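Step one of this worksheet: look at the structure below.
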Amino acid sequence: MKSNYNKILSPFTFPVSGINITNRIVLAPMTTFSGNDDGTTTDAEVAYYRERNQSAGLLITACAYVIKHGKGFHGQIGADSDELIPSLKRIADALKANGNKAVLQLYHGGRMSPPEELVDGQSLSASAVAAVREGAQVPREMTATEIEETIVAFGEATRRAIEAGFDGVEIHGANTYLLQQFFSPHSNRRTDKWGGDLMKRMTFPLAVVDAVIESAALSSNPFLVGYRLSPEELENPGITMEDTLHLVEALSLKQLDYLHISVMDFWAGSMRDKNDTAPRAQLIATKVGHSLPVIGVGSLHTPEEVERVLTGNIPLVAMARELLMEPHWLTKVKNNAVDQIRTELDVNTQDLLKIPTPLWSALISRTGWLPVKNNQH
């Protein structure tokens, strides 16, 4: 049977690594809260990934911290020690079991790290400026030595991803975490080489990219490197779209396979200027998409919505909520069984969907993030 969705099902080759995927869907990185306290994965988390290993051509894990002072939440997996390679391999093997490509997302929480998850109870960041949120801890400004150690840690985590059998890594430079904190004029008030003007605020994220690419080059197999970013911040001073266009231009000069643009709604315009209605990912793709493929994401659910995005200058679409509710979304698209795609999270389907209890509890409590159907009486 020939599917009606040719764009979704067309193959794609990443430009630097040469890695090929059989379709244009990406499993977005989603926090599972389901690792052990020592940073290892659990049977429930592995089962969750195995259930979704046919959901996309490229499968990105929940983020893994690269160094202890970067841990971002309870139940997070780690990639900061060689002792964790067997655990990482369990995830890679589960994701790759049906021939699709597995990517480990690498992360440091910076000032967003909860003090209770840190060894000494103190978060670190570019500068001692608290996040704009109730009860936020004032982070300690990182020393030059800690910055260098963190850059090395991203490279070492990449090596571990290679040894664990992943096909690539994604550098998490989005969602207010450490790399974004160094780029942001709100959180980075430094006066040394790691802060100051726009170019200096790029120094740390670009150094992380260099360290990761250097490690990736040591892989005996093709290995891709992607970068995720959030294009704007609401804070003043904060990251503007103009800032981000300078950053992506610098990133396009690196040996990266893709940019992953993190927004809640793909079609939404600027969060800073209501008169600027252009989708952020499309602006970035116009700037650098000819040399650096852009992954779009954000409130895209139906195959028709995805095909519309792929008709433009965006070659790949990441999906999160839809692949939580419907791990077999892609299979049903292939088989023209779109009317069978699950569009609500039935509260009776946790076991069927292989969703670990910590993630399930978070989903059920987040009213409005997912449409929930409750048939319990």
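The values are calculated or read from the model by the stated rules, or taken from the named source; none is laboratory data. Being a predicted model, the structure only gives us computed values, none of them experimental. Cβ placement follows ideal geometry from the backbone for every residue including glycine, while neighbour counts extend to all protein chains displayed. Each accessible area value is taken on the protein alone, full model and side chains, heavy atoms only, with ligands, DNA and RNA left out. Shrake-Rupley method; radii C 1.70, N 1.55, O 1.52, S 1.80 Å.
Do we find that LEU95 is touching a Gly at 6+ places or on another chain (Cβ under 6 Å) and assigned to a helix (DSSP H, G or I) in this structure? Before the answer, list the steps.
On the way: touching a Gly at 6+ places or on another chain (Cβ under 6 Å): no; assigned to a helix (DSSP H, G or I): yes.
No: the conditions fail for LEU95.
Tell me yes or no: at least one residue of the stretch 3-18 is under 23 Å from LEU300 (Cβ atoms), part of a strand (DSSP E or B), open to solvent by less than 70 Å² (accessible area, probe 1.4 Å) and at pLDDT 95 or above. Break it down into steps so the answer makes sense when it comes.
Let us first name the residues in the stretch 3-18 that are under 23 Å from LEU300 (Cβ atoms), namely 3-14.
Okay, now just the ones that are also part of a strand (DSSP E or B), so 12-13.
Filter again for open to solvent by less than 70 Å² (accessible area, probe 1.4 Å), leaving 12.
Within this subset, residues satisfying the condition of being at pLDDT 95 or above are 12.
Within the stretch 3-18, one or more residues are under 23 Å from LEU300 (Cβ atoms), part of a strand (DSSP E or B), open to solvent by less than 70 Å² (accessible area, probe 1.4 Å) and at pLDDT 95 or above.
What are the pairs, 6+ residues apart or on separate chains, where a residue within the stretch 286-299 that is of a type in the set (Lys, Arg) has its Cβ under 9 Å from a residue that is modelled with pLDDT of 95 or more and open to solvent by 10 Å² or more (accessible area, probe 1.4 Å)?
Matching pairs, first to second residue: LYS287/LEU245; LYS287/GLU249; LYS287/SER252.
Take the conditions open to solvent by less than 20 Å² (accessible area, probe 1.4 Å), modelled with pLDDT of 95 or more and touching a helix residue (DSSP H, G or I) at 6+ places or on another chain (Cβ under 6 Å) and apply them to ILE239. Does it pass? Break it down into steps so the answer makes sense when it comes.
Numbers: open to solvent by less than 20 Å² (accessible area, probe 1.4 Å): yes; modelled with pLDDT of 95 or more: yes; touching a helix residue (DSSP H, G or I) at 6+ places or on another chain (Cβ under 6 Å): no.
For ILE239, the condition - open to solvent by less than 20 Å² (accessible area, probe 1.4 Å), modelled with pLDDT of 95 or more and touching a helix residue (DSSP H, G or I) at 6+ places or on another chain (Cβ under 6 Å) - is not met.
Among the numbered criteria (1) open to solvent by 30 Å² or more (accessible area, probe 1.4 Å); (2) modelled with pLDDT under 95; (3) among the hydrophobic types (A, V, I, L, M, F, W, C), which single criterion is violated by TRP267?
Here TRP267 meets the rest and fails (2).
Do the conditions hold for LEU330, that is, is it over 26 Å from ALA281 (Cα atoms), open to solvent by less than 30 Å² (accessible area, probe 1.4 Å), in a helix (DSSP H, G or I) and in contact with a strand residue (DSSP E or B) (Cβ under 7 Å, 6 or more places away or on another chain)?
On the way: over 26 Å from ALA281 (Cα atoms): no; open to solvent by less than 30 Å² (accessible area, probe 1.4 Å): yes; in a helix (DSSP H, G or I): yes; in contact with a strand residue (DSSP E or B) (Cβ under 7 Å, 6 or more places away or on another chain): yes.
So LEU330 fails the test.
May I ask you to list the residues in the stretch 127-149 that are of a type in the set (S, T, N, Q), assigned to a loop (DSSP other than H, G, I, E, B) and either open to solvent by 80 Å² or more (accessible area, probe 1.4 Å) or touching a helix residue (DSSP H, G or I) at 6+ places or on another chain (Cβ under 7 Å) (or both)?
Initially, the stretch 127-149 is screened for residues of a type in the set (S, T, N, Q), giving 127, 137, 143, 145.
Then keep just the ones that are assigned to a loop (DSSP other than H, G, I, E, B); that gives 127, 137, 143.
Scanning the stretch 127-149 gives a single hit, GLN137.
Of the numbered conditions (1) open to solvent by 20 Å² or more (accessible area, probe 1.4 Å); (2) under 28 Å from ILE19 (Cβ atoms), ASN36 fails exactly one; give the number of that condition.
(2)
Can you pull out every residue in the stretch 108-126 that is part of a helix (DSSP H, G or I) and open to solvent by less than 80 Å² (accessible area, probe 1.4 Å)?
First, pick out the residues of the stretch 108-126 that are part of a helix (DSSP H, G or I): 110-112, 115-117.
If the condition is that a residue be part of a helix (DSSP H, G or I) and open to solvent by less than 80 Å² (accessible area, probe 1.4 Å), then GLY110, ARG111, MET112, PRO115, GLU117 are the ones that fit.
Only one of ALA250, ALA211 is touching a Phe, Trp or Tyr at 6+ places or on another chain (Cβ under 7 Å) and either part of a helix (DSSP H, G or I) or surrounded by 22 or more Cβ atoms within 10 Å (Cβ to Cβ) (or both); which? Write out each step before concluding.
Working: ALA250 fails: touching a Phe, Trp or Tyr at 6+ places or on another chain (Cβ under 7 Å).
Within the list ALA250, ALA211, the selection yields ALA211.
Looking only at the stretch 334-362, filter to residues that are among the hydrophobic types (A, V, I, L, M, F, W, C) and within 15 Å of GLU45 (Cα to Cα); which one of those is surrounded by the most Cβ atoms within 10 Å (Cβ to Cβ)? Walk me through how you get there before you give the answer.
Looking only at the stretch 334-362, we keep the residues that are among the hydrophobic types (A, V, I, L, M, F, W, C), and these are 337-338, 341, 345, 347, 352-353, 355, 359-360, 362.
Add one more test, that the residue is within 15 Å of GLU45 (Cα to Cα), and what stays is 352-353, 355, 359-360, 362.
On the way: LEU352: 11, LEU353: 18, ILE355: 25, LEU359: 21, TRP360: 22, ALA362: 17.
Going through the qualifying residues, I end up with ILE355.
Return the only residue of ASP243, ASP257 being more than 16 Å from the chain's Cα centre (by Cα) and in contact (Cβ under 8 Å) with a residue 12 or more places away in the chain.
Numbers: ASP257 fails: more than 16 Å from the chain's Cα centre (by Cα).
Result: ASP243 is the single residue among ASP243, ASP257 that is more than 16 Å from the chain's Cα centre (by Cα) and in contact (Cβ under 8 Å) with a residue 12 or more places away in the chain.
For residues that are closer than 21 Å to PHE223 by Cα, out of contact with any Phe, Trp or Tyr (no Cβ under 9 Å at 6 or more places or on another chain) and not hydrophobic (A, V, I, L, M, F, W, C), tally how many sit in the stretch 51-74.
2
Look at the stretch 284-300 and say how many of its residues are touching a helix residue (DSSP H, G or I) at 6+ places or on another chain (Cβ under 9 Å) and open to solvent by 60 Å² or more (accessible area, probe 1.4 Å).
Here the count works out to 1.
What single numbered condition from (1) in a loop (DSSP other than H, G, I, E, B); (2) buried (at least 23 other Cβ atoms within 10 Å of the Cβ) fails to hold for THR61?
(1)
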